[in-house]
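Take a look at the structure below.
The values are calculated or read from the model by the stated rules, or taken from the named source; none is laboratory data. This structure is a prediction, so every number in the text was calculated from the model and none was measured. Note that each Cβ is placed from the backbone with ideal geometry, even for glycine, and that neighbours are counted across all protein chains shown.
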């Protein structure tokens, strides 16, 4: 029964992939070897599409793999399989936190966890910045020569409108995402001619 | 109850549809929709959920949705919010996968995402500035932030390790502060 197997495989992925969407990839690659549902090059394509569509990366990839394997029902089953362990584990932790949040040890642990979490978020922002502000085809190193001036100009503009101008500061972040997509297309930020 | 649950579902569906890339890209959208508009959680709670999401299994976006849903409406809330956040993925991927197999090779998509990446950087920067106030409250916090940000960027260290070490450090601090209570008071 393909659906049971799909659910089981993605349940396992959801249970053991710790640390977000990227952590699911080794499991998917293993799945390709073991089940023959899809090839590795198909998986690379699916990951690329998942990165460039709305929604969390790990969820998109699970949906896509499920779809390729068994159509729309497969997409639903794979996604449910992926999220079921998270739901169970987080509900248990949330219950635990409600009871122990004001415990002096738990409270002190969170005082150290908050700057840690913020540091991890900053690091992820910087790693996105590496690919957003530097030409990757100019080699691995982030030399000043590989800096994309058009990206820097867009970034400065966005920084000003999202932080310093009261009228535009209040706009929803999706406005700036859409704006940046248009700018990216008009000025061919990806370095690929449109026609 | 039904009304609250449907509000949870659609709010998280909205967050899901506006998230591009990994879980962190979701943070600015969550801050706007869940913290500022709905006031279902504070910035501090969001950082807590992200920290827990780092070291528990599963996709961080999903874990965060479960947390906030649970906080608002118990177990049904946790489930409904999570289903909401994955709903757009199901719809969009199912539609796209049926039509285009090499969607990500289109010049339109490549150029648009090169622009979006710049925007995501700035939005994450703004999100970190907002979180900073609640997260980095003293010198120790600043040191932890710098060690984690630099360590995670320069070396291939799993975030799980940072989160576990920070939790242990926090627990040890209670012991140390217990012993040095007098010193602590005079230092302040």
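Taken over region B:21-36, the criterion of being within 9 Å of another protein chain (Cβ to nearest Cβ) and assigned to a helix (DSSP H, G or I) is satisfied by B:23, B:24, B:25, B:26, B:27, B:28, B:29, B:31, B:32, B:33.
Just one of the listed residues (B:54, B:31, B:39, B:73) is in the same structural domain as residue B:128 (by TED's automatic domain parsing) and at positive phi, and it is B:39. Scanning region B:53-80 for residues that are within 7 Å of chain A (Cβ to nearest Cβ), crowded, with 23+ Cβ neighbours inside 10 Å and touching a residue at least 60 places away in the same chain (Cβ under 8 Å) turns up just one, B:54. Where helices (runs of 4 or more DSSP H) fall wholly inside region A:87-194, the ranges with 3 or more residues that are facing chain B (nearest Cβ under 7 Å) and more than 23 Å from residue B:62 (Cα to Cα) are A:104-133, A:149-163, A:173-186. All conditions but one from (1) more than 7 Å from every other protein chain (Cβ to nearest Cβ); (2) out of contact with any helix residue (DSSP H, G or I) (no Cβ under 8 Å at 6 or more places or on another chain) apply to residue B:130; the one that does not is (2). Answer with yes or no whether residue B:83 is more than 7 Å from chain A (Cβ to nearest Cβ), crowded, with 19+ Cβ neighbours inside 10 Å, more than 18 Å from residue B:28 (Cα to Cα) and under 18 Å from the mean Cα position of the chain (by Cα). Yes.
Checking each residue in region A:148-178 for being in contact (Cβ under 8 Å) with a residue 12 or more places away in the chain and either more than 22 Å from residue A:126 (Cβ to Cβ) or surrounded by 14 or more Cβ atoms within 10 Å (Cβ to Cβ) (or both) picks out A:148, A:150, A:151, A:154, A:155, A:158, A:161, A:162, A:176. Screening residue B:112 with (1) in a helix (DSSP H, G or I); (2) more than 7 Å from chain A (Cβ to nearest Cβ) gives one miss only, at (2). When restricted to residues that are within 12 Å of the chain's Cα centre (by Cα) and not in a helix (DSSP H, G or I), region A:15-72 contains 7.
Could we say that residue B:163 is closer than 16 Å to residue A:122 by Cα and at pLDDT 90 or above here? Spelling it out, it is not the case that residue B:163 is closer than 16 Å to residue A:122 by Cα and at pLDDT 90 or above.
Is it the case that some residue within region B:136-154 is facing chain A (nearest Cβ under 7 Å), in contact with a helix residue (DSSP H, G or I) (Cβ under 9 Å, 6 or more places away or on another chain) and part of a loop (DSSP other than H, G, I, E, B)? The answer is yes, given that some residue of region B:136-154 is facing chain A (nearest Cβ under 7 Å), in contact with a helix residue (DSSP H, G or I) (Cβ under 9 Å, 6 or more places away or on another chain) and part of a loop (DSSP other than H, G, I, E, B). Tell me whether region B:47-57 contains one or more residues that are under 25 Å from residue A:175 (Cα atoms), in a helix (DSSP H, G or I) and out of contact with any strand residue (DSSP E or B) (no Cβ under 7 Å at 6 or more places or on another chain). Scanning region B:47-57 turns up at least one residue that is under 25 Å from residue A:175 (Cα atoms), in a helix (DSSP H, G or I) and out of contact with any strand residue (DSSP E or B) (no Cβ under 7 Å at 6 or more places or on another chain).
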